[in-house]
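Asks: Shown below is the structure under consideration.
The values are calculated or read from the model by the stated rules, or taken from the named source; none is laboratory data. These numbers were taken from a predicted model, which means no experiment stands behind them. Neighbour counts run over all protein chains shown; Cβ positions are idealised from the backbone, glycine included. With ligands, DNA and RNA removed, areas are computed over all heavy atoms of the protein, side chains included. Shrake-Rupley method; radii C 1.70, N 1.55, O 1.52, S 1.80 Å.
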Amino acid sequence: MGSKHDKEMGLLSMPLSHRTQNRTIPVIILSGFLGTGKTTLLKQWLQWSTEAQLVPAVIMNEVGEVNLDGQQLPPEVAMKEMLGGCICCSFRGDFSMKLYELVQEENPDVIYVECTGIAEPMELVESITEVSLYSQIVLTNIVTVVDVKHLGDLLADESGLQKANRKMVRLLEEQIRAAHMILLNKSDLAIADQIELVQQQVRKWNEHAKHVITDHAVMGREMWLQSCINAGGSRLFVKDDLQSDNQIDASVSHEHSEQPMEHTKHEAHHHAHAHDFVTAWTYSLTQPMDSERFEQWLSSLPANVYRAKGIVSFTDTTKRYMFQFAYRTSDFIPVAPQGEVKDVLVVIGEHLDTNFLEQTLQETVFQL
């Protein structure tokens, strides 16, 4: 008899017409603070979905006015955008409608919801449950991505969590507590002692979730399969075969399903949102910049800036770039944006002084 992995691969390689049609569509929430690697993980899962001849769909939420991360996704993937707010509070009603529309219009095999980095994922559970009453969907997994280097730096100082912004720490804790699976990402940037400290702290916040240590959000394909296993009748699996094979890692799918729901009942609606202090500044760029002066401006951003990203053009190269700035480091990737996408800059942080940001940008980059 073949291994569990062989059986999984065999089921996924079956023609769609041979898979059960009385199916439920799995919904997977991708959560995590700003710049942890959620979009990188999503791109990997979309690739696996299409390789398995499944039809994926995405709901992508950005606190800013433009969907920059969506530019990294394959253009053929159906996507609903929710911009300029957070789906766990200001967009909750809209999120339910977008989810229902996605099911009705696209009839996907799996739906991925990438939250903005300041969302509390437990706030989405009720919305998904509500939609499931009149649509064949089921929430199968909440996956939270953690920057193990950043959290490790906080924990290395005994009073690090106390010194950090309370609301930021509260938000990070809420995202971890909600998860069925936690990716301790960017481990290549951390030392062993930091990783151990993070694991200890994460266990205090959520002792039930499965922990996976990753670099660049690269994880085993089996973990992706487990993220959809609770769907039961979805096209991903044939239910009878799963039961005859002892239900692949059933302890993961069953043991963790109750913990987040219990949290929702008792806590989700009895606290102010931990991310109310976070704001976003969107700035349209009308001309190319000097790359060195722009990087100088990024490095000089104040400590209350958590993340910056955008699409930019430079005077010293013909290529356009998507950049990501998080935890005082930046990364630039050449891009060819889909459609008419103008250069734009998005800065996310705590109580931003947008006049100061614009002034320093003009002085440093454009020397005005």
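Matching residues to (1) modelled with pLDDT of 85 or more; (2) of a type in the set (Asp, Glu); (3) open to solvent by 10 Å² or more (accessible area, probe 1.4 Å):
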| site | (1), (2), (3) |
| --- | --- |
| Glu65 | no, yes, yes |
| Asp94 | no, yes, yes |
| Val103 | yes, no, yes |
| Tyr134 | no, no, yes |
| His150 | yes, no, yes |
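Asks: Could you identify the single residue in Ala272, Ala308, Ala250, Ala268 that is open to solvent by less than 20 Å² (accessible area, probe 1.4 Å) and modelled with pLDDT under 75? Outline the logic, then answer.
Replies: Values: Ala272 fails: open to solvent by less than 20 Å² (accessible area, probe 1.4 Å); Ala308 fails: modelled with pLDDT under 75; Ala250 fails: open to solvent by less than 20 Å² (accessible area, probe 1.4 Å).
From the options Ala272, Ala308, Ala250, Ala268, the qualifying one is Ala268.
Asks: In addition: Which residue, of Pro75, Pro15, Pro56, is of a type outside the set (A, V, I, L, M, F, W, C), within 17 Å of Met322 (Cβ to Cβ) and either modelled with pLDDT of 90 or more or open to solvent by 10 Å² or more (accessible area, probe 1.4 Å) (or both)?
Replies: Pro75
Asks: Kindly indicate whether Glu130 is in a helix (DSSP H, G or I), in contact with a Pro (Cβ under 9 Å, 6 or more places away or on another chain) and either at pLDDT below 90 or open to solvent by less than 10 Å² (accessible area, probe 1.4 Å) (or both). First the steps, then the outcome.
Replies: Details: in a helix (DSSP H, G or I): yes; in contact with a Pro (Cβ under 9 Å, 6 or more places away or on another chain): no; either at pLDDT below 90 or open to solvent by less than 10 Å² (accessible area, probe 1.4 Å) (or both): yes.
The answer is no for Glu130.
Asks: So which residues in segment 34-53 are open to solvent by less than 10 Å² (accessible area, probe 1.4 Å), under 23 Å from Ala326 (Cβ atoms) and either part of a loop (DSSP other than H, G, I, E, B) or in contact with a Cys (Cβ under 6 Å, 6 or more places away or on another chain) (or both)?
Replies: Narrowing segment 34-53 to residues open to solvent by less than 10 Å² (accessible area, probe 1.4 Å): 34, 36, 41-42, 45-46, 49, 52.
Now restrict to residues that are under 23 Å from Ala326 (Cβ atoms): 34, 36, 41-42, 45-46.
Of everything in segment 34-53, those that are open to solvent by less than 10 Å² (accessible area, probe 1.4 Å), under 23 Å from Ala326 (Cβ atoms) and either part of a loop (DSSP other than H, G, I, E, B) or in contact with a Cys (Cβ under 6 Å, 6 or more places away or on another chain) (or both) turn out to be Leu34, Thr36.
Asks: So, of the residues in segment 311-338 that are of a type in the set (Phe, Trp, Tyr) and modelled with pLDDT of 90 or more, which turns out to be least open to solvent (accessible area, probe 1.4 Å)?
Replies: Phe314
Residue-by-condition table, conditions (1) within 15 Å of Gly32 (Cα to Cα); (2) β-branched (Val, Ile, Thr); (3) not in a helix (DSSP H, G or I):
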position	(1), (2), (3)
Met168	yes, no, no
Glu174	yes, no, no
Ile182	yes, yes, yes
Leu197	no, no, no
Val202	yes, yes, no
Glu207	no, no, yes
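Asks: For segment 215-227, give me the residue count where each residue is assigned to a loop (DSSP other than H, G, I, E, B) and touching a residue at least 60 places away in the same chain (Cβ under 8 Å).
Replies: Count: 4.
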